[in-house]
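Engineer: One structure, pasted below without further comment.
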């Protein structure tokens, strides 16, 4: 072991000597506040448990046992006291891993120092919270922030609790940051380590009440735990001053919350007023009943109403929902932050917006009914007329098959002329029936009768008889029609499915006659 490691010649490593001295000063500082006598030798004075009980009481205000041996001489009595002291440690929730009462009564210095460090860590360091870091990292971050930008410290910044403190500038910077009147930092030189350390320790003790837990020579080969213990005293001393910054930050957060809420409230009111103005304008428009005098004008009003229903109204309904959400967000933020609920100006509450839209709905229904009634004035049934070209084609076919040029067609000529016009009969019986109906017993069909018959075939009158006749032709003259017959082009698959769904079934097919009758008034 080197002379530096051996320290004072006791055979103990230097770090043990520094910890023992630093920890003892720390404990005595707190024992003194409670009126207890000081500790001279931490290695020896915990053997009977009394000093440990006093220390826990001084730090945590844990009650001393009602009965304990105040002057134990024998080992069993001391162990009884130590068990009571350990119970106080457990009550204070101090973790002393692997520590036993025999370590204290047998003067195991390293275990005793470990116990004291656990107490220091719990009392002075564990409670340090900076940006949710661990106590050590939090204390280091606090030091780094407070010394940021100080010459010969940052860069690179404080990175540990050992060599970064050896030249004393870090201690001086902490004091200067909080009390620049006590130290002239610009006058300090990093090379004058002993002078810097003495200045910091002296000012901290005399001017700030921070106990001098370290000596200058202790920083030649710093012990991390000892430095952390001493630095934690700086942290707690300046915490009260930092509270002012915390308080100011709290005020700033308070004001930010109020400003943010106010911005949201103003946005809500602005948008609510805009929505109500839009509603009022639409209600006014819906009072108009001048829809013009032409079909085109009537259709224009219908188109405008449709655009309103499909586009404008949904947008405003969405805006109302968004305003409901915004209002709920405002009230929620106020409630969770224990603030008074928001009371919007009269007429701007969500219920008022909903009522306004209900009023609009009523006006819209009346307006739509008036537009619909106006449109009915222009409703006309559209019938398909036969073109002049088609009439001419009919006449040509008649003349072509009027072989004897007597101005009439017999049955065979009638059939041939119709075939030329793409009109066929499903059976000879149907031909016979049709011809006899037209000829009325004369045995001949005139040109007018011929054209009249073809016109009934080609002209779309949309009458029940014509529709039933069309279905009859598709059904090959039968009174019912099946799916295969329904599939006759241009009837498509969708048409077939629709008719199969709506027509009443009859035998193997569908009763088209009953269906046609059911849809006509």
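The values are calculated or read from the model by the stated rules, or taken from the named source; none is laboratory data. What you are looking at is a predicted structure, and each value in this text was computed from that prediction instead of being measured. Cβ placement follows ideal geometry from the backbone for every residue including glycine, while neighbour counts extend to all protein chains displayed.
Engineer: Kindly indicate whether any position in the stretch 511-519 is in the same structural domain as residue 410 (by TED's automatic domain parsing), in contact (Cβ under 8 Å) with a residue 40 or more places away in the chain and touching a strand residue (DSSP E or B) at 6+ places or on another chain (Cβ under 8 Å).
Structural biologist: The answer is yes; a qualifying residue exists.
Engineer: Right, something else. Which members of the stretch 55-76 meet the condition of being farther than 21 Å from residue 35 by Cα and either in contact with a strand residue (DSSP E or B) (Cβ under 6 Å, 6 or more places away or on another chain) or crowded, with 17+ Cβ neighbours inside 10 Å (or both)?
Structural biologist: In the first step, residues of the stretch 55-76 are kept if they are farther than 21 Å from residue 35 by Cα; the result is 72-76.
72, the sole residue that qualifies.
Engineer: Okay, next question. What tally of residues in the stretch 420-435 results from selecting those that are in contact with a helix residue (DSSP H, G or I) (Cβ under 9 Å, 6 or more places away or on another chain) and part of a helix (DSSP H, G or I)?
Structural biologist: Of the stretch 420-435, the ones in contact with a helix residue (DSSP H, G or I) (Cβ under 9 Å, 6 or more places away or on another chain) are 420-421, 423-426, 431-432, 434-435.
Filter once more, keeping what is part of a helix (DSSP H, G or I): 420, 431-432, 434-435.
The qualifying residues number 5.
This table checks each residue for (1) on the phi > 0 side of the Ramachandran plot; (2) assigned to a helix (DSSP H, G or I); (3) assigned by TED's automatic domain parsing to the domain that holds residue 168; (4) in contact with a strand residue (DSSP E or B) (Cβ under 9 Å, 6 or more places away or on another chain).
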{"site": "78", "(1), (2), (3), (4)": "no, yes, no, no"}
{"site": "85", "(1), (2), (3), (4)": "no, yes, no, no"}
{"site": "104", "(1), (2), (3), (4)": "no, yes, no, no"}
{"site": "115", "(1), (2), (3), (4)": "no, yes, no, no"}
{"site": "120", "(1), (2), (3), (4)": "no, yes, no, no"}
{"site": "140", "(1), (2), (3), (4)": "no, yes, yes, no"}
{"site": "144", "(1), (2), (3), (4)": "no, yes, yes, no"}
{"site": "148", "(1), (2), (3), (4)": "no, no, yes, no"}
{"site": "154", "(1), (2), (3), (4)": "no, no, yes, no"}
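Engineer: Okay, moving on. Would you check which residues across the stretch 386-441 are loosely packed, with under 13 Cβ neighbours inside 10 Å, touching a residue at least 40 places away in the same chain (Cβ under 8 Å) and within 18 Å of residue 469 (Cα to Cα) and list them?
Structural biologist: Selection gives 427 alone.
Engineer: Follow-up question, since we're still on this one. Kindly provide the set of residues from the stretch 174-196 that are surrounded by 14 or more Cβ atoms within 10 Å (Cβ to Cβ) and assigned to a helix (DSSP H, G or I), ordered by number.
Structural biologist: Answer for the stretch 174-196, where residues must be surrounded by 14 or more Cβ atoms within 10 Å (Cβ to Cβ) and assigned to a helix (DSSP H, G or I): 174, 175, 176, 177, 178, 185, 193, 195, 196.
Engineer: Exactly one condition in (1) modelled with pLDDT of 90 or more; (2) out of contact with any helix residue (DSSP H, G or I) (no Cβ under 8 Å at 6 or more places or on another chain); (3) outside any loop (DSSP other than H, G, I, E, B) is not met by residue 299; state its number.
Structural biologist: (2)
Engineer: Okay, next question. Go through 359, 332 for me and flag whichever is within 17 Å of residue 254 (Cα to Cα), at pLDDT 95 or above, part of a helix (DSSP H, G or I) and assigned by TED's automatic domain parsing to the domain that holds residue 275. Before you say what the answer is, go through the steps one by one.
Structural biologist: Working: 359 fails: within 17 Å of residue 254 (Cα to Cα).
None of the others qualify; the one that does is 332.
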